[in-house]
Amino acid sequence: MLTIGSHVSFNSNTQLLGSLEEALSYGANTFMFYTGAPQNTVRSKINSEITKKAIDMMIKKNIDYSKVIVHAPYIINLANNKEDDKYDFSIRFLKEEVKRCEELGIKYLVLHPGSHVGLGIDVGIDNIINALNIILKDTTVVILLETMAGKGTEIGSNFDEIKRIIDGLNNKENIGVCLDTCHLNDSGYDISNFDALLDEFDKIVGLSYVKCIHINDSKNPISSHKDRHENIGFGTLGFDNLIKIIYNPRLEKIPKILETPYVEDLPPYKYEIEMIRNKQFDSNLKSKIIH
Ligand code: FE
Ligand code: FE
Ligand code: ZN
């Protein structure tokens, strides 16, 4: 069965129930959310009653809650220890985020590995390893390192860097990887032969680490290091390539999450999910969303 959803909102009043209802309105059977605004540290208290209601509703709707994803806020940068207080803040805030996932019963937390901001890749990777070894000490949450586009000084834009991070961790039970199709393309991987890409990933890191895949088209050509997502079938990756990835039997059990851009302030996900289920590209999709 195809497990597909999108990024959805999470607000302090409706919390997990609101996120679930938004996902259901898109015809999704999974979803991903930030537990607060990704660019700030304001976080509301998790309401256990709402969480319970949402989980009951997921059971009724046949949604596998273990595949629902949280994305860590992108203000966290574990690679940069130029200033002690900023580095400590990132570790502390991610620790709190892991706790919030535990409270919500969430298993998978996607994390951008970090940017070394001029410290160099080696120092950056050491900083990430040091921080994750603190955070992963005892938790039920699995942190998924996202493969990055290689914008600026981002770490994790190739499989070797992902492998080096995992190699340094004491606890490998609680680490995994989230592939992102736009990022893979922008960092220089040819996604048109995804089986070859998966073979390479398997050889270097191990395919069993992959627990989530972000399905995005890209506005830019291969190796552009840009990280600008495009709607499914409207970018340089193209509909057929993305469909082949989504329905690749080796990724069957992996949740697929859309993070494509809104079209004139409207979410495209209901339309994109429908198009993916039909396996038929609709060049009028954007005008349908607006009307
Ligand atoms: Fe991300
Ligand atoms: Fe992503
Ligand atoms: Zn991105």
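Would you check if residue 126 is out of contact with any helix residue (DSSP H, G or I) (no Cβ under 9 Å at 6 or more places or on another chain) and modelled with pLDDT under 95?
Criteria not met by residue 126.
Just for the range 170-216: of the residues that are of a type in the set (S, T, N, Q), away from ligand 3 (no atom under 14 Å from the Cβ) and within 19 Å of residue 68 (Cα to Cα), which one is most open to solvent (accessible area, probe 1.4 Å)?
208
Any chance the range 18-33 includes a residue that's surrounded by 13 or more Cβ atoms within 10 Å (Cβ to Cβ), in a loop (DSSP other than H, G, I, E, B), touching a His at 6+ places or on another chain (Cβ under 9 Å) and free of Cβ contacts under 8 Å to residues at least 60 places away in the same chain?
Checked the range 18-33: no residue is surrounded by 13 or more Cβ atoms within 10 Å (Cβ to Cβ), in a loop (DSSP other than H, G, I, E, B), touching a His at 6+ places or on another chain (Cβ under 9 Å) and free of Cβ contacts under 8 Å to residues at least 60 places away in the same chain.
Of the numbered conditions (1) over 17 Å from residue 67 (Cβ atoms); (2) of a type outside the set (Val, Ile, Thr); (3) surrounded by fewer than 19 Cβ atoms within 10 Å (Cβ to Cβ), residue 252 fails exactly one; give the number of that condition.
Of the numbered conditions (1) over 17 Å from residue 67 (Cβ atoms); (2) of a type outside the set (Val, Ile, Thr); (3) surrounded by fewer than 19 Cβ atoms within 10 Å (Cβ to Cβ), the odd one out for residue 252 is (1).
Examine the range 227-248 for a residue that is within 16 Å of ligand 2 (Cβ to nearest atom), farther than 30 Å from residue 288 by Cα and not aliphatic (A, V, I, L, M), and state whether such a residue exists.
no
Among the residues of the range 147-166, write down those that are buried (at least 19 other Cβ atoms within 10 Å of the Cβ), free of Cβ contacts under 8 Å to residues at least 60 places away in the same chain and within 18 Å of residue 185 (Cβ to Cβ).
147, 154, 156, 159, 161, 162
For the range 128-140, check the following and say yes or no: at least one residue is within 15 Å of ligand 2 (Cβ to nearest atom), closer than 30 Å to residue 15 by Cα and of a type outside the set (Asp, Glu).
The answer is no; no qualifying residue exists.
Given 273, 257, 289, 232, which one is touching a Pro at 6+ places or on another chain (Cβ under 9 Å) and buried (at least 21 other Cβ atoms within 10 Å of the Cβ)?
None of the other options fit; the residue is 232.
The values are calculated or read from the model by the stated rules, or taken from the named source; none is laboratory data. Because the structure is predicted, anything quoted here is derived from the model rather than measured. Quick reminder, even Gly has a Cβ in these numbers, built from the backbone with ideal geometry, and neighbours come from all protein chains shown. We work out accessible area using only protein heavy atoms, side chains counted, and drop any ligands, DNA or RNA first. Shrake-Rupley method; radii C 1.70, N 1.55, O 1.52, S 1.80 Å.
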